[in-house]
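This report refers to the structure that appears directly beneath it.
The values are calculated or read from the model by the stated rules, or taken from the named source; none is laboratory data. Source: prediction; values computed, not measured. Counting neighbours? That spans all protein chains shown, and the Cβs are built from the backbone with ideal geometry, glycine included.
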Amino acid sequence: MSETRHMKVLIIGSGPAGYTAAVYASRAMLNPVLVQGIEPGGQLTTTTEVENWPGDTEVQGPDLMIRMQEHAKAMGTEIIGDIITDLDLGQRPFTAKGDGGTTYMADAVILATGARAKWLGLPSEEKFKGFGVSACATCDGFFYRGQEIVVVGGGNTAVEEALFLTNFASKVTLVHRRDELRAEKILIDRLMKNPKIEPLWFHELEEVTGTENPLGVEGVKLRHTQTGEITEIAAKGVFIAIGHAPSNELVKDVLETHMGGYVVTKPDSTETSIPGVFAAGDLTDHKYRQAVTSAGMGCMAALEAERFLAETAGEETSLPLGYGAEIGSSAAE
């Protein structure tokens, strides 16, 4: 059933940035509404052990997100299991349309839609996600101490992941479909000098192999891109490092973006190119992409939204048509 609702703050997204913003906005008596989106809890719901969240020696990713959700709810946030399909930032109050038929009118919007790791789309890759297949070396590299690991990719992400994983692994095989890396020269130099890393050129991942009970990776099948020959390599972990894609579908044509679609914010701020719209977490963070930094930005966004609302109380502003889009020329490298 369709309905129209008005709120001071609408938070779109339910990862660490969204839930932290909700906690702070609730404490500021802004009565925020948080719409969870298509993947409640975000990327951490696909991570098993998390060992770098302050205060927890080890916590399961899904459990951590449930705790964050319950914290936000306990503070007074209204949490709605809906998906925002359209967002109009042309005038305040801003208008968001939900898949369930609800129209949300908000005086301020906090975008916390996150980013998604790019995957190859292989059935075996999907099967072993969280059980030996990962897209985050910082998150999961610690679990492969003394093991042999495969990294797939050829850009900055892949080289950085491979270098980081040498802190734990006995050997890292970097699989790339070409014979030349697309990473920065200084990173390539470090990689080529590292005795633990062995590049494997002109190969692509064909299949991840492993055990069924318990589910776990044992190796990979690689296809030579020129000859088609299949090579099998033993490995306990497979890291897909072909980049991340910010979940910017709602704002990519309106807000200023850069670095392949990440939303631009002002220095030391979560303010975007449209006043009253704030961005936090992996949607704007192309550098760190950690739960703790996302949570910090969620805090910043809520505090800045509170300040914005106090300064603009009673205003209803129409923004110029296309505002924000024209400065997006620095977008999408």
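Results, tabulated for the structure shown:
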{"item": "Filter pass, N156 being surrounded by fewer than 16 Cβ atoms within 10 Å (Cβ to Cβ), under 30 Å from N194 (Cβ atoms) and either outside the structural domain of A313 (by TED's automatic domain parsing) or free of Cβ contacts under 8 Å to residues at least 12 places away in the same chain (or both)", "result": "no"}
{"item": "Residue count for segment 241-269, restricted to those that are part of a loop (DSSP other than H, G, I, E, B), small (G, A, S) and under 24 Å from V159 (Cβ atoms)", "result": "4"}
{"item": "Residue count, segment 296-311 (criterion: buried (at least 23 other Cβ atoms within 10 Å of the Cβ) and in contact with a helix residue (DSSP H, G or I) (Cβ under 6 Å, 6 or more places away or on another chain))", "result": "4"}
{"item": "Strands (runs of 3 or more DSSP E) enclosed by segment 1-95 - at least 3 residues per element that are surrounded by fewer than 21 Cβ atoms within 10 Å (Cβ to Cβ)", "result": "3-12, 78-80, 84-88"}
{"item": "Hits in segment 166-181 (condition: of a type outside the set (S, T, N, Q), surrounded by 14 or more Cβ atoms within 10 Å (Cβ to Cβ) and closer than 24 Å to H224 by Cα)", "result": "K171, V172, L174, V175, H176, R177, L181"}
{"item": "Yes/no for A279 being touching a helix residue (DSSP H, G or I) at 6+ places or on another chain (Cβ under 7 Å) and of a type outside the set (V, I, T)", "result": "no"}
{"item": "Residue that is surrounded by the most Cβ atoms within 10 Å (Cβ to Cβ), among those in segment 270-284 that are in a helix (DSSP H, G or I) and not hydrophobic (A, V, I, L, M, F, W, C)", "result": "G281"}
{"item": "Candidates T57, T45, T85, T77 - the one that is without any contact (Cβ under 8 Å) to a residue 40 or more places away in the chain, of a type in the set (S, T, Y) and closer than 27 Å to L303 by Cβ", "result": "T45"}
{"item": "Enumeration of residues in segment 224-261 that are charged (D, E, K, R) and within 28 Å of L165 (Cβ to Cβ)", "result": "E229, E232, K236"}
{"item": "Filter result for A106 (modelled with pLDDT of 95 or more, buried (at least 21 other Cβ atoms within 10 Å of the Cβ), out of contact with any helix residue (DSSP H, G or I) (no Cβ under 7 Å at 6 or more places or on another chain) and not in a loop (DSSP other than H, G, I, E, B))", "result": "yes"}
